[in-house]
Amino acid sequence: MADGRRRQLNKVLDQLTSENLALLAEFADFLRTRQPEPEPDFAEACVLPRPPDESVIAAIRRLSKSYPMLAKDDLFNEASSLMTRHLMHGESAEATIDRLESIFKARYDLWISKRDL
């Protein structure tokens, strides 16, 4: 941010009430989430090894770290569906994690194929 803009913003901030500062912080956070995420520079996944007796939640975290280049919104929709099957319908953690790994790998393969175009 340019120094002139920063000074202007600080001047405005000094004049706001604490309630308006809180609103501004919320709005700024909202604007930050709307920014497009920069495309990662890396194309290779670094798949972390699956530990024994891993929970489904831990697997989701591990796979998210293994594939940081993938858009999380769609993946988490699918992951939550699998989590429901695991918790509500009794699908084993191992089977659920197998499915999660397949989904992440398929999304990664799709991401790579789009990059190669």
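What follows is calculated from the coordinates using simple rules that are stated; it is not laboratory data. A quick note: this is a predicted structure, and the numbers were derived from the prediction, not measured.
Here the Gaussian network model covers the chain, with springs between Cα atoms less than 10 Å apart; of LEU100, LEU24, LEU75, LEU24 fluctuates the most. Every helix of 4 or more DSSP H residues in the chain counts as -39500 (n - 2.57), and over all residues that averages to -23500 deg cm²/dmol at 222 nm.
When every Cα-Cα distance of the chain is counted in 5 angstrom steps from zero, the calculated P(r) takes the values 2, 9, 15, 15, 12, 9, 9, 9, 8, 7, 4, 1 percent.
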